[in-house]
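> Once you've had a glance at the structure underneath, I'll fire off some questions.
Readers should treat all values here as calculations from the given coordinates under stated rules, not as data from a laboratory. Keep in mind the model is a prediction, meaning the values are calculated, not measured. Here the Cβ positions follow ideal geometry from the backbone for every residue, glycine too, while neighbour counts run over all protein chains shown.
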Amino acid sequence: MIHLFSEGAYLVNGTTLVKESEKEKLKQLTGSVPSKEEAAKNTIAYGILKEHNISGNMQKLQIKFDKLTSHDITFVGIIQTARASGIEKFPVPYVLTNCHNSLCAVGGTINEDDHMFGLTAAKRYGGMYVPPHQAVIHQFAREMLAGGGKMILGSDSHTRYGALGTMAMGEGGPELVKQLLNRTYDINMPGVIGIYLKGKPVKGVGPQDVALAIIGAVFEKGYVNNKVMEFVGPGVSSLSADFRIGVDVMTTETTCLSSIWRTDDTIKEFYEIHGRKQDYKELNPGAVTYYDGIVEVDLDKVKPMIAMPFHPSNTYTIEEVNANLSDILADVEKCAQVSLDGAVEYSLQDKIRDGRLYVDQGIIAGCAGGGYENICAAANILKGTSIGSDEFTLSVYPASTPIFMELVKNGAVADLMQTGAIVKTAFCGPCFGAGDTPANNAFSIRHSTRNFPNREGSKLQSGQIASVALMDARSIAATAANKGYLTPATDVEASDFIPKYHFDKGIYENRVFDSKGIADPSVEIQFGPNIKDWPEMSALPENMLLKVVSEIHDPVTTTDELIPSGETSSYRSNPLGLAEFALSRKDPAYVGLAKEVQKAQRAIESGEEPQEAFPEVKEILEEVQKKYPGVANDNLGIGSTIFAVKPGDGSAREQAASCQKVLGGWANIANEYATKRYRSNLINWGMVPFIIDKGELPFENKDYIFVPQIKKAIEDKLSEIPAYVVNKGMKEITLKLGELTDDEREIILKGCLINYYRG
C-alpha cells in the first residue's frame, strides 16, 4: 500500500522511478547521469520557491508570499502586533475569515467583538473580511485565493493548497506580521520528497483513507519532517480535484513544511468552475527530477482507514480494528495512560457490543471533511436509511455556503436530514473542541484533521474525557447507516454518482467585504473589552536565571497541550487572560509556578530586590554570585522555562509560545522541536529555543538553571552555551541553540518581534 524509499530517487518523464544507486538504469533511460543537485532543481517546489525568493541564494531563502490568510483565533493578535510595529496598510491581499470563534454564545459578546475588530481592520488596512458561517478558512482560500505557481502564508497549520498548484504554509502569527511589514520568511532550502501515486482508489475509499495511510507510514519515522511533499505519478490523474484537496490538507499531520501537486485538466476545470480560469497553471516536474526520498502509494491497495486516539498517525484499516477489536482497544488504552498522564480512567472496552465497536457520534466537517464530493458520497450511502434513535448522532458541516447551497439544490441535504443527520453551517469547531463536544466517555468518529487528547473538548481537570478517531466521510456514513456500528464504506452498496458542481460566486459578492486593496485610514478599529494590547516585554538580559516550572516526558507534546483549544478561544485576543490557561490540561501547576518566578523579574524591572518579591531566589543568587560575583540586578534576568522532549506538534497557533512569554518565560528546553513553526513562534516571542542531548536529564522540575553571558553568546553566534544547574552547588551543563538567522538572533536580543520592529 505504502512504500518508503531508503534513498533518494530520480523521476524520469513523470512516470518512472529510478533509485539514486541505480546509476546504470538511469543512464539507459536518459543517456546520462545528471547530478542530483541539478536534477533537484527540476522539482515543482524548487521552481515556485525560486520565483518567490529575493535573497539571490537558493540555499538561504527569503520568501515573499503572494497572499495571506487568518481566522478569528489568530487575526486579532496578528493585527495588534502589526499595529504596535507601525503598520499603515496591508501590502498584499490579506483575508480575515471567521470560522473558529463563530459561536458567539461562548463568552458572551467576546467572539463577536473579535469579528467587528476584523471587519474594521479590513476596512482600515485594505483587506478582505469573511463573516461567520460563510466559509471555513481553507475552503474560502481554495475557492477565491489559490493560483497556480503562487504562495500563500496562513496562520493556521492546515494552510495547504498544493492540489491546486499553490505552495501554502501554516505558520505562527509573527511570521504573517513579518509579511505585513514587508519582511521575508527566512528558511534554508527544504528537502523535497516525491509522493508517487499509482493506480486508482477502489469504490468506498476516500481522500481521508489515502491521507491516513500516508501519515501512518511517515510520521513516526520523521520521513517528511520540515520537507515539501510533491505529489507526482500517473495516479494523480485518477483523482478528482476534491479528492486531491482532501489528501493534501492532511499533509500537515506528517509535519511536512508544505505540499505541491502536479496539475492537469482536472485542476484547470476546478478554476473554470470557480470563475478564475486565469489562475490555473500547468505544473509538472522536469524530464529528469531528483527527490530526497519517495513515498510510493499504490492507490488500488488503500483500504478504509481509521486513526485511533490520540494521533492521526495511530492508523489501522477498519478491517483490522474489527478483526482484532479487544487487542487494538487495549493498545489505545495503554497509549492513553501516557497521553492523559493517568489523570482520568479511560477505557473503550464498553464500546464493544456483540463483538462489534459501537460509536457514539459521527462528524463530517471542516477543511478536510466538508468538501462537496465527501458530503455527496455520504448522502449516497445514507439515502433511504436511518441513523437510529439511540446514542449515535451525525452532524455534517459543509465547508462553505456555496457548497451548502449546491447540496441543497441537488437534494443531498434533504437526503441527509431525512436519516436523522443534522446539517450545519461552515464552522471549524468540531476540529478543536468548540462544537459537538461528545458526552463523557463517548467515542466520536470524524472526518476532520486531528484527534489529539482533549481536542474534542474534554476537561481532564474536571474528570471529563472523550476521544476521537479519524475516518473518511464515506465510512462514517456507512457506520451511521448501521446505526453506529463501525463499518467500512467498502462493505455497503451505494451509488457513486456525484452531480456536477456549480459555484455561485454571488453568495460571496453579497456578503464578503472586499476592500480591493484600498486602505481607509479614517476607519477606527472597533475594540471590545476583552481585546487587549500585548504587555511590555524586556530585552534579553546579559545573564539569565531560569526556573524549570514544568517537565513533560511525552514522546511528543502538541500545541493543544501547551495552550488548549475549545472554550479558551474566547480569550484569544486577551494575552494575559489566555495565559491563565497555559498547560492547564497538561500541567495545572504551571501557571502558578511561572507567575511566582515572574515576581522576581518584575522586581528587577522596577528597581527592587528580586529576593524581596520572591524569597526563594535568595539562596540561588548567593550560589551564583560565588562563581560569578559580577552578577547583579542591572545585568540579570529571572524567568521560567519548561522542558519537553519534542514540543510543538500540531496547530500553528502562536499562543503556545506567547502565553509562556507573558507569564515570564525566557526559554524552552527540548531534545528537539516537533515543527519549525513552533520553534519560530518561540523565537518571535523572544524565547530562546534551547536543545539538550537526549538521555538522562541533568536537571529536574523546579531546579534553577543559570546561563551566564547569554546575550553575548547570542551576539557571538555560539551554537553551544555553557550553563549551570544551581542546587547547593553549580553543576555545569551544555545547552545548544541550533541554527539561527541574523534576524532571529536580533529578535531574541530585543525580547520579541514587536520590540524588534519598534527598533
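> Between beta-carbons, use under 15 Å as the cut-off and find the net charge around S389, counting Lys and Arg +1, Asp and Glu -1.
Taking every other residue near S389 into account, the sum is -2.
> Give the Debye-formula value of log10 I(q)/I(0) at each listed q (0.15, 0.17 Å⁻¹), with one equal scatterer per alpha carbon of region 365-457, two decimals each.
Here the Debye-derived log intensity ratios amount to -0.56, -0.72.
> What FRET efficiency comes out for the pair Q464/E51, r = Cβ-Cβ distance, R0 = 60 Å, nearest 0.05?
Efficiency, rounded to the nearest 0.05: 0.75.
> If you restrict to DSSP beta bridges whose two residues both lie in the chain, what percentage is antiparallel, to the nearest 5?
40 percent
> How far apart, in nm, are two points set 7 Å out from the Cα along the Cα-to-Cβ line at N671 and at E333?
Once both label points are built, they end up 2.7 nm from each other.
> Distance in nm between label sites at V408 and K89, each 7 Å beyond Cα in the beta-carbon direction?
3.9 nm
> For a paramagnetic label modelled at 7 Å from the Cα of E720 toward its Cβ, which residues of region 681-695 fall within the zone defined by backbone nitrogen distances under 20 Å?
Counting only backbone N, you get 689-695.
> Can you tell me which lysines have their Cα less than 22 Å from the Cα of K50? Leave out same-chain residues fewer than eight positions away.
Partners found: K36, K41, K60, K64, K67, K150, K178, K227, K281, K676.
> Then there is this: Provide the gained length on full extension for the span E732 to K702, in nm with one decimal, where the gain is 0.36 nm per separating residue minus the Cα-Cα distance.
In short, 9.1 nm is gained.
> Pull up all non-local amide H partners of M544: gap of 5 or more, or a different chain, and H-to-H distance under 5 Å with H placed in the peptide plane.
Under 5 Å from the amide H of M544: G637, V707, Q709, I710.
> Net charge near I531, counting Lys/Arg +1 and Asp/Glu -1 over other residues with Cβ under 15 Å of its Cβ?
It works out to a net charge of -2.
> At a Förster distance of 60 Å, what's the computed FRET efficiency of E269 paired with R758, Cβ-Cβ distance as r, to 0.05?
After rounding to 0.05, the efficiency reads 0.80.
> Using a Förster distance of 22 angstrom, determine the FRET efficiency expected from the C-beta separation of D743 and E536, and round it to 0.05.
0.55
> Which of F614, F432 comes first, and how do the rest follow, when ranked by fewest Cβ neighbours within 10 Å?
Exposure proxy ranking, most exposed first: F614, F432.
> Give me the distance between the Cα centres of region 481-541 and region 711-759, rounded to whole Å.
38 Å
> Taking amide H atoms as placed 1.01 Å from N in the peptide plane, list the residues 5 or more away in sequence, or in a different chain, whose amide H sits under 5 Å from that of N668.
Correct list: V688, F690.
> Determine, for each peptide in 141-154, 494-507, 217-230, the mean count of other beta carbons within 10 angstrom over its residues, then list the peptides with the highest first.
In descending order of packing, they fall as 141-154, 217-230, 494-507.
> With no solvent and one equal point scatterer per Cα, compute the Debye intensity ratio I(q)/I(0) for region 503-611 at 0.13, 0.20, 0.24 Å⁻¹ and report its log10, rounded to two decimals.
Log-scaled intensity ratios, in q order: -0.78, -1.20, -1.35.
> If you don't mind, another one. Less than 12 Å Cβ to Cβ from V177, Lys/Arg counted +1 and Asp/Glu -1: what total charge do the surrounding residues give?
That sum, taken over residues with Cβ under 12 Å, equals 0.
> Can I ask one more? Any chance you could run the full-extension gain for E345 through N182? It's 0.36 nm times the residue separation minus the Cα-Cα distance, nm to one decimal.
Gain on stretching E345 to N182: 53.6 nm.
> Okay, next question. How would you order 711-722, 651-662 from highest to lowest mean count of nearby Cβ atoms within 10 Å?
Most protected by this proxy first, the peptides run 651-662, 711-722.
> Note the full-extension length gain between D693 and F513 as 0.36 nm times their separation in residues minus their Cα-Cα distance, in nm to one decimal.
That pair, D693 and F513, stretches by 59.7 nm at full extension.
> Would you please give the residues with an amide H less than 5 Å from that of K89, counting only those at least 5 places away or on a separate chain, with H modeled from the backbone geometry?
Result for K89 returns nothing.
> For a quick protection proxy, order the peptides 529-541, 468-480 by their average other-Cβ count within 10 Å, most packed first.
The packing order, highest mean first, is 468-480, 529-541.
> Among I214, I692, which comes first, then next, by fewest other beta-carbon atoms within 10 Å?
Ordered from fewest to most neighbouring Cβ atoms within 10 Å, I214, I692 come out as I692, I214.
> If you scale each eigenvalue of the Cα gyration tensor by 5 and take the root, what three semi-axes come out for region 1-67, rounded to whole angstrom and sorted largest first?
Equivalent ellipsoid of region 1-67: 28, 15, 11 Å, largest first.
> Report, in deg cm²/dmol and to the nearest 500, the calculated mean residue ellipticity at 222 nm for the chain, where each DSSP H run with n ≥ 4 adds -39500 (n - 2.57) and the sum is divided by the residue count.
So the helix-based figure for the chain works out to -8500 deg cm²/dmol.
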